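The values are calculated or read from the model by the stated rules, or taken from the named source; none is laboratory data. Please read all numbers here as calculations on a predicted model, not as lab measurements. Backbone-built Cβ (ideal geometry, glycine too); neighbour counts: all protein chains shown.
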Ligand code: CP3
């Protein structure tokens, strides 16, 4: 990716350009904590919303309109390409359900690697609309995303949100070659899907491995890490940097940095300064506020954000939560968080310097 001051702040942070302040956005920022989202959801079921480019673009813009984040993530779900591979997908109040989960080798044989335009053209349409809507805000970055193979495979095998991950672990131990075959198909699906998103206008892409933290480091190295590498190597990196997010990444951050991702996502179990020690300085970091911090008093939240900004610094850092925002989050606090980050830029100082070298106050 070429480094230019005309790129959105988010892209410049991914490329580790020095900035007056880091960009801020929130994982799952489009969703149920917003009354304007709920108003649309009262009329439209979740999956229908994902497949309606006009409404999905509207829902993606809602948090930006209200809070002014530096990034807009397209509204969709990680399971959209799984449906395109040939599986049945439903959404209930409790989350995604796949009523016909993979139970045999034949079930894997029936899956295909979908053409992203032919099967999920509506996703590309959402991105095109968003780029158009954001053309008057060139400093705001448009984010595309996909689920990573391990997390997608776990949904395909478990049939939905799981507590113990018994099916995928059973397959991992019993038939590792079959699991590798499935993960390989998913890696190719995700690579093509993300490249199509970049082509459609995504300026940054994030790979979500939400269940990447449920196995040992050794098994992570065997079943999870190689597929991150395979996807990242296949992406059109000239056009968009990539963020790798793994939930439960404590002890895995060095492996994540090894993938070649531009940005490593950090959850709240690791401090940003410890994360830097593990990743080295050749990647940017994103994170890592506990989503529950958004339930505290505004002055407590502000100080938590300031501490995080001081650790993150203003080069190679994207301010975010450590995982998705929760549906009952008080929205005033989202504004408090976004404003605190933007305020740190107006002070005209690197927040790290503010804490450690007070004498440099005022020097940019
Ligand atoms: O970030 C955004 O604002 C974009 C939208 C987005 C959604 N899902 C919308 C959504 C993104 C990036 C996702 C990714 C996703 N989906 C992940 C990875 C991120 C993570 O949190 O780890 C996962 C694991 C899923 C699967 C999924 N979709 C679950 C487990 C659930 C139910 C639980 C929950 O949090 O609601 C969903 C449903 C879903 N995806 C909703 C939204 C707004 C709620 C559905 C509704 O409106 O009723």
Number of the condition not met by residue 173 [criteria: (1) surrounded by 18 or more Cβ atoms within 10 Å (Cβ to Cβ); (2) farther than 20 Å from residue 236 by Cα]
(1)
Flagged in the stretch 13-44 as touching a residue at least 24 places away in the same chain (Cβ under 8 Å) and within 12 Å of the ligand (Cβ to nearest atom), in numbering order, are 25, 26, 27, 28, 29, 30, 31, 32, 33, 34, 37
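Working only within the stretch 78-93, note down all residues that are in contact with a strand residue (DSSP E or B) (Cβ under 6 Å, 6 or more places away or on another chain), buried (at least 19 other Cβ atoms within 10 Å of the Cβ) and more than 30 Å from residue 22 (Cα to Cα).
At the first step, the residues of the stretch 78-93 found to be in contact with a strand residue (DSSP E or B) (Cβ under 6 Å, 6 or more places away or on another chain) are 78-79, 90.
Next, only the ones that are buried (at least 19 other Cβ atoms within 10 Å of the Cβ) stay: 78-79.
If the condition is that a residue be in contact with a strand residue (DSSP E or B) (Cβ under 6 Å, 6 or more places away or on another chain), buried (at least 19 other Cβ atoms within 10 Å of the Cβ) and more than 30 Å from residue 22 (Cα to Cα), then 79 is the only one that fits.
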Residue count, the stretch 130-139 (criterion: over 17 Å from residue 77 (Cα atoms) and crowded, with 20+ Cβ neighbours inside 10 Å):
1
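Being assigned to a helix (DSSP H, G or I) and more than 19 Å from residue 82 (Cβ to Cβ) is the filter here; which residues of the stretch 128-163 pass it?
Within the stretch 128-163, the subset assigned to a helix (DSSP H, G or I) is 128-136, 149-158.
Passing the criteria: 128, 129, 130, 131, 132, 133, 134, 135, 136.
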Out of all the residues in the stretch 333-344, is one or more more than 21 Å from residue 72 (Cβ to Cβ), in contact (Cβ under 8 Å) with a residue 24 or more places away in the chain and surrounded by fewer than 17 Cβ atoms within 10 Å (Cβ to Cβ)?
no
For residues in the stretch 171-194 being without any contact (Cβ under 8 Å) to a residue 60 or more places away in the chain and closer than 30 Å to residue 138 by Cα, which is farthest from the ligand (Cβ to nearest atom)?
191
Give the stretch 94-114 a look and list any residue that's within 16 Å of the ligand (Cβ to nearest atom) and surrounded by fewer than 18 Cβ atoms within 10 Å (Cβ to Cβ), or say none.
94, 95, 97, 99, 101
Criterion: crowded, with 21+ Cβ neighbours inside 10 Å, modelled with pLDDT of 95 or more and within 10 Å of the ligand (Cβ to nearest atom) - qualifying residue of 47, 142, 127, 152
152
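Please pick out the residue among 168, 117 that is farther than 17 Å from residue 245 by Cβ and either surrounded by 16 or more Cβ atoms within 10 Å (Cβ to Cβ) or without any contact (Cβ under 8 Å) to a residue 24 or more places away in the chain (or both). I'd like the intermediate steps shown before the answer.
Working: 117 fails: either surrounded by 16 or more Cβ atoms within 10 Å (Cβ to Cβ) or without any contact (Cβ under 8 Å) to a residue 24 or more places away in the chain (or both).
The unique qualifying residue is 168.
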So which residues in the stretch 63-77 are more than 22 Å from residue 14 (Cα to Cα) and surrounded by fewer than 20 Cβ atoms within 10 Å (Cβ to Cβ), if there are any at all?
65, 66, 77
Check on residue 185, touching a helix residue (DSSP H, G or I) at 6+ places or on another chain (Cβ under 9 Å), closer than 26 Å to residue 94 by Cα and part of a helix (DSSP H, G or I)
no
I'm checking my understanding of the structure. Among residues of the stretch 58-93 that are assigned to a loop (DSSP other than H, G, I, E, B) and free of Cβ contacts under 8 Å to residues at least 40 places away in the same chain, which one is nearest to the ligand (Cβ to nearest atom)?
77
